[in-house]
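The values are calculated or read from the model by the stated rules, or taken from the named source; none is laboratory data. Just so we're clear, the structure is a prediction, and the values are computed from it rather than from any experiment. Positions of Cβ are generated from backbone atoms using ideal geometry, with glycine treated the same way; all protein chains shown enter the neighbour counts. With ligands, DNA and RNA removed, areas are computed over all heavy atoms of the protein, side chains included. Shrake-Rupley method; radii C 1.70, N 1.55, O 1.52, S 1.80 Å.
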Amino acid sequence: MRPASDMRERATPAASPSPIVTYRAPFTGALPPGTLAAFGFGTSAPVVDDPRWLNVALEPLGDAPVELWTVEGEITCGREGDLRWSRGGGWLYAAVECEEAAFGGPEGAATHAYQLLSSFVAGAPECHVQRIWNYLGAINTGPGDDERYKQFCTGRINGMGEVFAKGFPAASAIGHHASKGLLQVYLMATDRPGTRVENPRQVSAWEYPRQYGRTPPSFARATFLPANDVLAISGTAAVVGHASAHAGDLAAQLAETRRNLDALLAHGGAPEGFNAHAPLKAYVRHREDAAAVKAFAEAHWPEAPLLIVHGDICREELLVEIDGWRYR
Ligand code: 3EB
């Protein structure tokens with residue numbers, strides 16, 4: 001493992017302030033001023049006819065807020081085929097939704113989604129991708145190297161162009177329980193390079209050994225956004241070194257995940273813990289684990305806004321994964 005400092009890019013000062021990410025009570029009608037993107041979760045969420053709105057195919061377990069990204073500046077937005085986008089204040093949101101059937105499966109669909117996103121971003125002033133989310137169905141289905149997540153990883157790297165070769169963004173890749181062939185990918189990018197942060201407790205994902213598949217996952221553990229006011233944290237689970245820890249033990253996985261998050265915050269130069277401005281998302285494999293996840297978060301991060309969703313983690317033995325934002 002190389003030291004994380006080797007992977008850092010110097011952030012340029014005077015970058016545009018980072019988007020503010022908040023959870024709001026569900027609303028209908030126009031999106032608030034400065035909205036770069038807005039997300040409803042699950043089948044009961046409102047549907048808003050706006051390119052900036054995405055209905056995420058993950059069911060909330062408990063509170064069902066709308067997630068809002070807001071920036072300072074005028075917003076423009078549009079749609080181009082399977083891709084929709086918005087930009088403002090030096091920040092870009094872009095999303096692709098597609099059906100695998102048109103592309104022969106998860107690998108082809110991931111290639112399609114990443115080609116659309118990378119070519120769009122390459123032609124945009126906001127060409128530095130900081131954070132990306134991936135949701136596919138039946139993520140753990142398929143034997144060995146043919147597991148659908150592993151097929152997705154191959155398609156993802158094949159579709160990533162030059163813009164991603166500069167350094168992988170922070171990411172989450174989660175299995176949804178909606179229509180099996182639906183792939184959703186969305187990203188946040190900006191006009192200055194960010195600072196990638198790896199986790200000293202974990203092997204970098206792109207250096208995972210062969211046992212995890214032909215194509216190692218292409219993501220960074222976190223990115224410090226260019227204004228250096230927020231750490232964007234990838235999906236974090238009970239992975240130590242490259243191995244999954246505590247198979248089947250939710251409480252131990254939560255404690256290990258917390259150690260990973262603490263190490264990432266410390267290594268990334270972010271303040272300790274998660275406060276009222278640090279929205280977290282927990283992806284929980286079994287619905288019945290949601291209460292224990294909520295209790296754990298309330299015990300350790302009582303002020304942090306938390307959204308719990310029903311999602312499969314990309315390794316079958318992992319029961320929970322947490323991502324989020326840590327503003328300075
Ligand atoms: C891990 O640490 C758990 O493939 O984009 C976490 C975050 C995980 C992102 C991805 C996978 C991804 O390897 C899995």
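Among 289-301, 69-81, the peptide with the highest mean count of other Cβ atoms within 10 Å heads the list, and the full ranking is 289-301, 69-81. Computed over the chain, the quotient of the alpha carbon radius of gyration and 2.2 N^0.38 Å is 0.90.
At 1.4 Å probe radius, can you tell me the per residue accessible area of the stretch 20-327 in Å²? Don't jump to the answer; show the numbers that get you there.
Values: 10900 Å² over 308 residues.
Accessible surface, normalised per residue, equals 35 Å².
Among the lysines of the chain, pairs that are 8 or more positions apart or on different chains and have alpha carbons within less than 25 Å of each other number 5.
One-quarter of the Cα convex hull surface for the stretch 194-319, in nm²?
Taking a quarter of the hull surface, the average projection is 7.5 nm².
Computed over the alpha-carbon atoms, the stretch 246-308 gives an Rg to Rh ratio of 0.96, Rh here being the Kirkwood radius from the mean inverse distance.
For the stretch 218-282, which semi-axes, largest first and in whole Å, follow from the square roots of 5 times the eigenvalues of its Cα gyration tensor?
Value: 22, 13, 10 Å, ordered largest first.
Return the percentage of antiparallel bridges among DSSP beta bridges fully within the chain, rounded to the nearest 5 %.
Values: 58 of 76 bridges.
Beta bridges within the chain, antiparallel portion: roughly 75 percent.
Annotation for the stretch 273-328 versus the stretch 148-175: alpha-carbon center distance of 23 Å. Leaving out ligands, DNA and RNA, what percent of the accessible area of the stretch 20-327 is carbon and sulfur, probe 1.4 Å? The nonpolar share, carbon plus sulfur, comes to 53 percent. Of all the C-alpha pairs in the stretch 38-105, what % are more than 16 Å from each other? Of the Cα pairs, 55 percent sit more than 16 Å apart. Short to long, the 10 Å bins of the Cα pair-distance histogram for the stretch 170-245 hold 16, 42, 33, 10 percent of all pairs.
What the Cα atoms of the stretch 272-328 give is an Rg and a Dmax of 11.4, 34 Å. In terms of Cα atoms, the Rg and Dmax of the stretch 109-168 work out to 12.7, 42 Å.
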